[in-house]
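Enquirer: This is the structure I have questions about; it appears just below.
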Amino acid sequence: MAPKTYRRGPKLFSLARKKALRLDIPQHKGIKLAELICRIQEKEGNLPCYQRKETCSQMTCCWQASCNAEMTDEEKGTSH
């Protein structure tokens with residue numbers, strides 16, 4: 001079964017926090033969702049590009065539903 005994806009809100013933030021905890025990523029009070037997800041991306045060996053790019057070719061990115069980047073088939077050198 002595929003993992004649930006959330007577009008925004010508390011469920012998405014909770015999902016990101018849980019994933020960060022599993023990866024031993026430090027969190028502080030007031031951390032922004034985009035910053036937390038970028039830290040997760042870096043820890044996983046990817047470029048920290050969440051909500052920083054206009055287009056993205058990483059169709060398998062688990063943050064795709066909430067990123068707001070236009071998904072393309074073309075490689076642009078970005079990675080999630």
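The values are calculated or read from the model by the stated rules, or taken from the named source; none is laboratory data. Just so we're clear, the structure is a prediction, and the values are computed from it rather than from any experiment. Every residue, glycine as well, gets a Cβ built from its backbone with ideal geometry; the counts of neighbours run over all protein chains shown.
Enquirer: Note down all Cβ pairs under 6 Å where the first residue falls in region 8-23 and is on the phi < 0 side of the Ramachandran plot, the second is among the aliphatic types (A, V, I, L, M) and part of a helix (DSSP H, G or I), and they're at least six residues apart or on different chains.
Expert: Final answer for the pair search is PHE13/LEU33; ALA16/LEU36; ALA16/ILE37; LYS19/ILE40; ALA20/LEU36; ALA20/ILE40.
Enquirer: Considering only region 22-62, state which residues are closer than 21 Å to ARG8 by Cβ, modelled with pLDDT under 90, surrounded by 14 or more Cβ atoms within 10 Å (Cβ to Cβ) and not polar (S, T, N, Q).
Expert: Residues satisfying the conditions are CYS56, CYS61, CYS62.
Enquirer: While we're looking at this one, here's another question. List the number of the failed condition for GLU74; all other conditions in (1) at pLDDT below 95; (2) acidic (Asp, Glu); (3) assigned to a helix (DSSP H, G or I) hold.
Expert: So the condition that GLU74 fails would be (3).
Enquirer: In region 19-39, what count of residues is obtained for those that are of a type in the set (Lys, Arg) and within 17 Å of SER66 (Cα to Cα)? Working first, answer last.
Expert: Start the filter on region 19-39 by keeping residues that are of a type in the set (Lys, Arg), which leaves 19, 22, 29, 32, 39.
Imposing the further condition that a residue be within 17 Å of SER66 (Cα to Cα) reduces the set to 19, 32, 39.
Qualifying residue count for the region: 3.
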